[in-house]
1. Under 12 Å from a point 7 Å along the Cα-to-Cβ line of N217: which residues of region 152-183 have their amide N that close?
2. Can you tally the net charge around T206? Count Lys and Arg as +1, Asp and Glu as -1, for every other residue whose Cβ sits under 11 Å from the Cβ of T206.
3. Contact order normalised by length for region 337-475, with contacts defined as Cα pairs under 8 Å and 6 or more residues apart; what percent is it?
4. Which length gain, in nm to one decimal place, applies between A524 and D413 when the Cα-Cα distance is subtracted from 0.36 nm times their residue separation?
5. Given R₀ = 25 Å, FRET efficiency for E185-E245 by Cβ-Cβ distance, to 0.05?
6. In whole angstrom, how far apart do the alpha carbon centroids of region 166-234 and region 558-577 sit?
7. Mind checking the full-extension length gain between Q583 and T96? Use 0.36 nm per residue of separation minus the Cα-Cα distance, one decimal, nm.
8. For region 184-224, state which trypsin sites (Lys or Arg not before Pro) are in a DSSP loop and have at most 12 other beta carbons lying within 10 Å of their beta carbon.
Amino acid sequence: MSSSDRRFLSFGACAVAALILIALVNLYQARKAGPHVTPLSYSEFLDNVESGRIAGVTMAGHSIEGFFTDHRLFRTYAADDPELVKALRAKGIAITAEAPPADKSTWVTPLTNLLPMLLLAGVALLFLRRMPGMGGRATGLGKSKAKLLAEVPDRVTFRDVAGVDEAMESLQEIVDFLRDSSKFERLGGRIPRGVLLVGPPGTGKTLLARAVAGEANVPFYTISGSNFVEMFVGVGASRVRDLFEQAKKTAPCIVFVDEIDAVGRKRGAGLGGGNDEREQTLNQLLVEMDGFESNKGVILIAATNRPDILDPALLRPGRFDREIVLANPDVLGRRHILGVHLRNVPLSAEVDLQVVARATPGFSGADLMNLVNEAALLAARRNKTAVGTREFDDAKDTVTMGVERRTHVMSEDERRLTAYREGGRAIVALHVPSADPVHKVTIVTRGRDTGMVKQVPEDDRLFMTLEQMTSRLAIMMAGRCAEEMIFGREKVTSGTAGDIEEATKLARTMVTRWGLSEKLGTVAYGENEEEVFLGHSVTRTNNVPEETAQTIAVEVRKLIDAARTQAGRLLAAHRDQLETLAQGLLQFETLSGEDIRNLIDGRPPARDIESEAAPESAVSAVEPT
């Protein structure tokens, strides 16, 4: 709980206590006054004295309280009357005298009446100050929500970052300038005013910014792009101004804005024109980064995975002078990243991190961190003292294919269909001209898939050749071809729906974007997919003529049919291998690439006794029918 919340709760408790106290005071006064006190004028009081209906009185200054002979109570107020006591004694009325009380009526009553209203007004004002959009800068709404990171013992430094050496060199230069700017200034150099970190999710953009904060001995402000924008116009711009005002006071310093695309999208994309909150916030950010007033010593570091939607004015030199691209790490980078995450993880002597790095192409830094964590959890679940190769293999399957659902029971017919479908994909993958090696085939349900063929590339790949594309299409069509070949057209299932969808997307991309159709030529025919939101998506039109669209559909169908023909031909030529592999899947359910080669060569798969043990889960596995 924050200090402001604690102050709010304490104030509320005090207000409730004050209201209860006022209620108790009013109740006491009401009880003291009595429920049946009759007010009398002084002349009526004298008449009752003369008639003998008064039994006794209590005199306290000008106040006279008493009771009638029938025990009813009364109250009156008397002026200075020296004959009153004589008249009371003459009638034999009992007289009691008390010291006159201090006259508090002049301030107690107004205060008692005003205090509840003052307390309610204070509570209402406090709520208004805490509600967004109800108080402007006076209530803190327009103030920046940036956090100033202080030095902590376990701070992240460049030693904790791996796989992005070029990015670290660029940022190290900024850190050195902040520490000693004279080395650059004497040669006429100027430090970049802004650095944009660009890369897909999980590549370490935020981690790199935290490392800069740990390395630089300067104030480091961090804020998310979504914290600027509110539903009330002017609040975001006010927060931008306040952020840079704070930064100027502590310059030299670093300001880190995470997910800047939340506030830096291209202007003019909304239906309401340019006068909206997000665009005003962006305009103020542009002015603060490079306007009339200099922000010397304030360096802005921003991160995004959507640089294509940022406003061009934000990306120009003078604002973001340097753009650092963080891609998925290569095999050497993955090896270093694994070393960082395995510092506190005990490893078996059999584990070779270079092999693990080669077996995880396309993994980002976040994926590798998840892989190490899953392997450690598996080792702890198996009561091991160190993480071994088997834990890394099983963790990689969990990360890439999902968790095994061994409690999901399939009928015998479904198992046979799945075995031949997945076996057909594996056989075609083994015999097409160009395909990634088959890593594992399973008919055990993983995630949302009832079966899967996992292929792992041997090295990092930046692009695909036409031969690799057509081979991938043939593998996608192999499942349907195997079902038709073994069970007939009437027995095909919907299990190949995902393959058909992926094959259609790949074939359309080949035709419309990669220029791999002889009839259409090397021309891009895709729709304009920029700014798919608000006004631009409403006014977006398809730039492909109807005749060309029909030609695209024909060319896509031609690629799919060719891939299906190729898959059918390969399955027919190697039907004996398909039968062998399907029977192996029905017996063992999961086969590795080595197991598949052994089965095809007529040797039984080498099964590890440990891997044949019962699955370790809270729910016992259900044996197949």
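The values are calculated or read from the model by the stated rules, or taken from the named source; none is laboratory data. Owing to the predicted nature of the structure, the values given are computational and were not obtained by experimental measurement. Backbone-built Cβ (ideal geometry, glycine too); neighbour counts: all protein chains shown. Note: accessible area is taken over every heavy atom of the protein model, side chains too, but ligands, DNA and RNA are not part of it. Shrake-Rupley method; radii C 1.70, N 1.55, O 1.52, S 1.80 Å.
1. From region 152-183, the list is 179-180.
2. Neighbourhood net charge equals 0.
3. Numbers: 158 pairs, mean separation 31.9, N = 139.
Relative CO of region 337-475 lands at 23 percent.
4. Contour length minus the Cα-Cα distance gives 35.4 nm.
5. So the FRET efficiency works out to roughly 0.50.
6. So the two Cα centres are separated by 54 Å.
7. 163.9 nm
8. Working: sites: R186, R190, R193, K205, R210; in loops: R186, R190, R193.
Of the trypsin sites (Lys or Arg not before Pro), the ones in loops of region 184-224 whose Cβ has at most 12 other Cβ atoms within 10 Å are R186, R190.
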